[in-house]
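Before I ask anything, let me first share the structure, which is written out below as structure tokens.
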Amino acid sequence: MADTAIPPRTAAHRPGTTATRRPGRPPASSRPRRRSRATAGTGRLAALLVSPTLLVLTIVVIYPTLMALDESLYGVKGLDPKTGFISATEPFVGLKNYTDIFTQAGDRFWNAFWNTTFFTVVTVSLETMIGVAMALIMHRAFRGRGLVRASILVPWAIPTAISGLLWKWIFNADGIANVLLGHQVLWTADGFSAKVAVVIADVWKTAPFVGLLVLAGLQVIPKEVYEAARLDGASAFQQFRRITLPLVKPALLVAVLFRCLDALRMFDLPYILIGAQKGSVETLSMLAQNEASNVRFGPASAYAVLLFLYVFLIALAFVRLLGADLTGDAGGTGKSGRRRSRVARRRVREVTA
């Protein structure tokens, strides 16, 4: 029997060559190039769409911050030794305004710092608890729910200045607060009672904001989840702890983040309700405004820069620690993604157990 030699595969029979290509299909070498051009076009379109937002942020945030940082390096206008008149320009003092804050004005700065932190922690904690309760009430189906929702949101819709005046009348010496208590309390004087008055007014004003965001999170939870939990014998508290809170957590964290950033910048409510230069309620924003009203723009800018850094660090820590929970992302890659997946599976097992 004659041996038949199988010839080696020629270029005409190799896959991917011109002879074996499907009709009308471009060469394989041109496809990645076309894909890269499409990716570059998408990137340019994304940059074009984001550019208005970046422009607004530059004008509203970045430019004022740089101007405040530059102004904080200059001192107060003094007497010109040559003319004996007030100098027309502010002297460059470098970091002297910052060193004075922590040395000469250290007591006042730290008092304002701790007041700001106290108001943030106390008000945000109370607003979170009351806001969640409001959201649960507004989420239930009952007669007159629309009226209840509107009445709960009324305090949030009132401007802060008007709210401060309303509570100032309530906390007057002969106001309704003292009438209900039955004894005289100097709410608007300098002291711990002034702190309590600011906390009450701020919680009344902004707790509906937390409730509104939590309500939005509650409305996306399927009803079938609660029905399955009731069939499994879960009580109302177990449903709240193991179903409602985990599923509403992203919306709740967004509300807490917004309220923390807003409370750290608190100015108008204690300024109107209690007054300026009251040590018990003076915040960092009030301290910066007081310096600016006395034409001390350099120290005022230094206070503003320190407040900006404080707010920025709090926001950065919040996003870094709870970034995935803020977006409701339970996936991800790496150790953090696997850890979040394990937590999600454990929650499912707890609910169905």
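Provide the convex hull volume over Cα atoms per residue for the stretch 189-234, in Å³.
Cα convex hull per residue, to the nearest whole number: 82 Å³.
Could you work out the local net charge near Gly131, counting Lys and Arg as +1, Asp and Glu as -1, over the other residues with Cβ closer than 15 Å to its Cβ?
Summing Lys and Arg as +1 and Asp and Glu as -1 gives +1.
Continuing with the same structure: What is the set of long-range amide H partners of Arg265 at a cut-off below 5 Å, with H atoms built 1.01 Å from backbone N?
none
As an exercise, use a Förster radius of 22 Å and the Cβ-Cβ distance of Ile221 and Ile314 to find the FRET efficiency, rounded to the nearest 0.05.
Once the sixth-power term is evaluated, E becomes 0.15.
With θ set to phi - 60° and the Karplus curve 6.51 cos²θ - 1.76 cosθ + 1.60, what are the ³J(HN,Hα) couplings of the stretch 233-248 in order, to the nearest whole Hz, using x for Gly and Pro?
Karplus-based 3J(HN,Hα) across the stretch 233-248 equals x, 6, 7, 5, 5, 5, 4, 5, 6, 9, 10, 5, 4, x, 7, 9 Hz.
Can you give the local net charge around Ile314? Use residues other than it whose beta-carbon is closer than 13 angstrom to its beta-carbon, Lys and Arg +1, Asp and Glu -1.
+2
List the lysines whose alpha-carbon lies under 24 Å from that of Lys77, not counting same-chain residues fewer than 8 positions away?
Lys96
For Phe297, what charge total do you get from the other residues with a beta carbon under 15 Å from its beta carbon, if Lys and Arg give +1 and Asp and Glu give -1?
Net charge around Phe297: -2.
Identify the trypsin sites (Lys or Arg not before Pro) of the stretch 135-213 meeting these criteria: DSSP loop state and at most 13 other C-beta atoms within 10 Å of the C-beta.
Arg140, Arg143
Search the structure for amide H atoms under 5 Å from the amide H of Tyr74, placed 1.01 Å from N in the peptide plane, and list their residues when 5 or more places away or on another chain.
Long-range HN contacts for Tyr74: Val93.
What is the Rg over Rh value, at two decimals, for the stretch 207-296, using alpha-carbon atoms and the Kirkwood definition of Rh?
Result: Rg/Rh = 1.28.
Okay, moving on. Considering the stretch 108-294, what Rg and Dmax in Å follow from its alpha-carbon atoms?
Gyration radius and largest Cα-Cα distance of the stretch 108-294: 19.3, 67 Å.
Apply the Debye scattering formula to the stretch 154-237, with a single equal point scatterer on each alpha-carbon and no solvent, then give log10 I(q)/I(0) at q = 0.15 Å⁻¹.
At q = 0.15 Å⁻¹ the computed log10 ratios are -0.68.
Follow-up. Please sort 256-263, 47-54 by packing, taking for each peptide the average over its residues of neighbouring beta carbons within 10 angstrom, highest first.
256-263, 47-54
Ordering Met266, Met129 from largest to smallest accessible area (1.4 angstrom probe), what's the sequence?
Ranked list, largest accessible area first: Met129, Met266.
Between Phe142 and His183, how high is the FRET efficiency from 1/(1 + (r/R0)^6) when r is the Cβ-Cβ distance and R₀ = 51 Å? Nearest 0.05.
After rounding, the FRET efficiency stands at 0.85.
Let me ask something else. Suppose R0 equals 35 Å; then what is the FRET efficiency for Leu55 and Met129 from their Cβ-Cβ distance, rounded to the nearest 0.05?
FRET efficiency, Leu55 to Met129: 0.30.
Quick one: the Cα spread of the stretch 251-290 along its three principal axes, in angstroms, biggest first?
Each principal axis gives a Cα extent; for the stretch 251-290 these are 37, 18, 14 Å.
Moving on to the next point. Quick one: grab the alpha carbon gyration tensor of the stretch 58-208, order the square roots of its eigenvalues as a ≥ b ≥ c, and give me rounded if a/c is under 1.5, else prolate or oblate depending on whether a/b is larger than b/c.
prolate
The values are calculated or read from the model by the stated rules, or taken from the named source; none is laboratory data. This structure is a prediction, so every number in the text was calculated from the model and none was measured. Quick reminder, even Gly has a Cβ in these numbers, built from the backbone with ideal geometry, and neighbours come from all protein chains shown. Note: accessible area is taken over every heavy atom of the protein model, side chains too, but ligands, DNA and RNA are not part of it. Shrake-Rupley method; radii C 1.70, N 1.55, O 1.52, S 1.80 Å.
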